[in-house]
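Asker: To start, I am sharing the structure in question, which I have written as structure tokens.
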Amino acid sequence: MGSSSSTPSNVPPQPLAPLPENVGCIASLCFPYEVTLVLKEQVGWSGDSFSILDINKTPCFTMKGRAMSFTQKKVLHDMQGQAILNFRHELAMFEKKYSIYAGSDQTKKMASIKAHSFMGISASIEFTNINGQPRLFTLDGNFFASRADIVDP
């Protein structure tokens, strides 16, 4: 009566193999192992504010955004309140583009993100790695499945 699958659909994927080098913009946040983070939205008048938790539901970061802000600046803080990075929506005619800066000001640009599809589900992420090499990642998301994959092409 029906077929059964040997692998249930709710089983998490296998852990990733370690990369031969650290990849990232901030050396203190590069780890030689996979780290799974979960975004927890704050409902209400918080604007674009949210928390980022690890898989044990321990808070790791908070993003503070302002509702109805003209600059649309959002600042990512660690749990000690230190600004890690900020990003701003850049005014562009036909594309969504964000610039990411170190800390809470706009003196050191770390990365840029360009959305490629409706609702920002597909994007390119360009940044300079901690070893000084330029990198390009792609983000492909599924709005209905509430998941996104970041791929190093």
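Readers should treat all values here as calculations from the given coordinates under stated rules, not as data from a laboratory. Note that the structure is a prediction, hence the values are computed from the model and not measured. In this analysis, Cβ positions are derived from the backbone assuming ideal geometry, glycine residues included, and neighbour counts consider all displayed protein chains.
Asker: Relative to the present Cα-Cα distance, how much length would full extension add between Leu53 and Leu136 at 0.36 nm per residue of separation?
Answerer: Taking 0.36 nm per residue and subtracting the Cα distance, the gain is 27.4 nm.
Asker: Between Lys108 and Thr128, what length comes free when the chain is fully extended (0.36 nm per residue of separation minus the Cα-Cα distance, one decimal in nm)?
Answerer: Full extension of this stretch gives 6.1 nm more.
Asker: Which aspartates and glutamates, on any chain, are close to Lys64 with Cα under 16 Å apart, when same-chain ones fewer than 8 places away are left out?
Answerer: Glu41, Asp48, Asp78, Asp105
Asker: Amide H of Ser104 versus every other amide H placed in the peptide plane: which residues, excluding those fewer than 5 positions away on the same chain, fall under 5 Å?
Answerer: none
Asker: List the residues whose amide H sits under 5 Å from the amide H of Ile84, counting only those 5 or more places along or on another chain, with H placed 1.01 Å from N in the peptide plane.
Answerer: Those lying under 5 Å, H to H, from Ile84 are Leu76, His77, Asp78.
Asker: Pop out the ³J(HN,Hα) list for the range 76-85 in order, Karplus 6.51 cos²θ - 1.76 cosθ + 1.60 with θ = phi - 60°, rounded to Hz; leave Gly and Pro as x.
Answerer: 8, 10, 7, 6, 8, x, 6, 5, 8, 7
Asker: Then there's this: Could you calculate the contour length gain from Gln14 to Tyr33, that is, 0.36 nm times the residue separation minus the distance between their Cα atoms, to one decimal place in nm?
Answerer: In short, 5.6 nm is gained.
Asker: Taking the Cα-to-Cβ direction at Cys60 and at Glu90 and moving 7 Å from each Cα, how far apart do the two end points lie in nm?
Answerer: 2.7 nm
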